[in-house]
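To start, the structure itself, in structure tokens.
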Amino acid sequence: MSFFPSAAWLKELDEKHQLFTERLEDPLAFEGGQFHFSAKDNLCARDFQARAGSLILKGYRPPFDATPIKRLRENGGLLLGKTNMDEYGFGSFSTNSAYGIPRNPFDIERCCGGSSGGAAATASLIRDHVALGVSTGGSISCPSSFCGVVGLTPTYGRVSRWGLIDYGNSLDKVGLISRTVRDIEQYLPVIAGPDHRDPTSQVQPPLDLRGEVRTVGVPEEARTGLSPEVAGAFEEALRDLQRSGIVVREVRMPSLRFAISTYYILATSEASTNLARYCGMRFGAMNENFDQGFNDFFSDTRSRDFGTEAKRRILLGTFSRMVGFRNKYYVKALQVRKQIIRDYQKVMEDCDVVLTPTMPFVAPRFDEIERMKPLEMYQADYLTCPPNLTGMPHLSIPCGYAHGMPIGMQAVAPHWQEGTLLSFARSWEGSFHYRFPEVAE
Ligand code: GLN
């Protein structure tokens, strides 16, 4: 029988770690739930507000379930609540949320990663829990690595995006985060599959959970810029893999150097069009001040209710798409994206997966984050952005610990080969012991 949190226990945990934007008072009051799960706040669900961490969506109660939520509920899942996140997914530390900042399960002075920070922390703190996360440019891998859990980002199109509040439509993927690969294996088949309501969900090869990893490719470009702790843990993990009979091959992927700029041009371009629908008239916070021109009317709401990072991204994305600049930035970024895909495909001719650390450092402290400039924050994603640009499935698993904080590594497999990643994680878990935060139950 799986563990179900009681009202008092969950309340205490949530107050300490700021996990949820909204949640059930007492999960034990609901009979019939066979397992519990949570959903990132940008996935719509009946009975809860969906605000994507943003003030502008305050009060928005969707009258429907996003497809992955619907499928989990139909299969006996009890939705515990909506997890905290960076506004619309804009960030890597979950510090850009309008509803409190989630705190790391291993050290509350440190962040959870982002943007699915609440999801990864919930999966780390609550036994037998599975969290729905969303990744546009690393938002499943990054927090999974910082919170010491397993995070799977499926192939783009594998899981329906219907009911997901868009960030960047050509990049957004719904995935799963949990303590071990077992839960992911169990629930991926439930949420995967085509959905006629989402035109980007694809007719897809059947999900095969088997697979084998004999050779891993480690790009030279991913071994620079790492903190000593992460470099040490990753090299140790490579030695463990070699001892278990896996061939580690050094490879070169020159285009990885351009992934950050490519991602931030494409993602902000798409975001800047998506955010145009929030204007104080349709969803969430309403602007009742009709006694003004429409420019002022829209500016009013947006100036007040979008956070600083959302505004920065609207400016950046609008600029990259503007006539006169579009070819230089947006179109160029699309071309580089293709080159990055080709680089992965080339390496995958000889290797089953591409393996790198997930993040270049362990979860930073909040005072360190305060001192970081936006570009330094973006730069932290240089290992998680590349696979997201390709639409290839990837998985972050814990591979070491330093000063009590977890370190993750990220494996990327060819399109539709989630099974390869799951079997890689299964065999890794057979010999490497994960640590979880101590929470009295
Ligand atoms: N950190 C990246 C960003 O801010 C990725 C976030 C995401 O995947 N939603 O865009």
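The values are calculated or read from the model by the stated rules, or taken from the named source; none is laboratory data. Since this is a predicted model, take the numbers as computed values, not measurements. FYI the Cβ positions are ideal-geometry reconstructions off the backbone, even for glycines, and counts take in every protein chain you see. Ligands, DNA and RNA are stripped out before the accessible areas are found, and what is left, the full protein with its side chains, is counted by its heavy atoms. Shrake-Rupley method; radii C 1.70, N 1.55, O 1.52, S 1.80 Å.
Odds and ends about this structure:
- The stretch 321-441 shape via C-alpha gyration tensor axes, a/c threshold 1.5: oblate
- The HN-Hα couplings worked out from phi for the stretch 58-71 by the Karplus form 6.51 cos²θ - 1.76 cosθ + 1.60 (θ = phi - 60°) are 4, x, 6, 10, x, x, 8, 9, 4, 3, x, 5, 4, 5 Hz, whole numbers, x standing for Gly and Pro.
- Helical mean residue ellipticity (222 nm; -39500 (n - 2.57) per DSSP H run of 4+; nearest 500) of the chain: -10500 deg cm²/dmol
- In terms of the mean number of neighbouring beta-carbon atoms within 10 Å, the peptides 227-239, 101-113 order highest first as 101-113, 227-239.
- Placing 60, 88 in order of accessible area, with the largest value first and a 1.4 Å probe, yields 60, 88.
- Net length available on complete extension from residue 46 to residue 289 is 84.5 nm, with 0.36 nm assigned per residue and the Cα-Cα distance removed.
- The calculated FRET efficiency for residue 335 paired with residue 375, based on their beta-carbon distance and R0 = 25 Å, is about 0.65.
- Centre-to-centre separation between the Cα atoms of the stretch 206-241 and those of the stretch 305-329: 35 Å.
- A simple spin-label model places pseudo-atoms 7 Å from Cα toward Cβ; at residue 6 and residue 61 they are separated by 3.0 nm.
- Beta bridges per DSSP, both residues in the chain: antiparallel share near 65 percent.
- The solvent-accessible area of residue 36, taken with every protein chain present and a 1.4 Å probe, is close to 0 Å².
- Coordinate range along principal axes, alpha carbons of the stretch 160-200, Å, largest first: 30, 21, 14
- All alpha carbon pair distances within the chain were sorted into 10 Å bins beginning at 0; the resulting P(r) in whole percents reads 5, 23, 34, 26, 10, 2, 0, 0.
- The label point for residue 25 and the one for residue 308, both projected 7 Å from the Cα toward the Cβ, are 3.8 nm apart.
- Sorting the segments 115-125, 396-406, 318-328 by their residues' average number of neighbouring beta-carbon atoms within 10 angstrom, most packed first, yields 115-125, 396-406, 318-328.
- Carbon + sulfur, % of accessible area of the chain - ligands and nucleic acids excluded, 1.4 Å: 52
- Taking the average, over residues, of other Cβ atoms within 10 Å as the packing measure, peptides 4-17, 72-85, 183-196, 264-277 rank 72-85, 264-277, 183-196, 4-17 from highest down.
- Put simply, the amide H of residue 78, placed in the peptide plane, has neighbours under 5 Å in 34, 35, 36, 37, leaving out anything fewer than 5 places away on its chain.
- Label point at residue 210 placed 7 Å out along Cα→Cβ; residues across the stretch 424-441 whose backbone nitrogen lies under 19 Å: 424-428
- For the chain, lysine pairs separated by 8 or more sequence positions, or belonging to different chains, with Cα-Cα distances below 20 Å total 17.
- P(r) tail fraction, the stretch 7-104 - alpha-carbon pairs more than 19 Å apart, %: 41
- Accessible area of the chain divided out per residue, in Å², using a probe of 1.4 angstrom: 40
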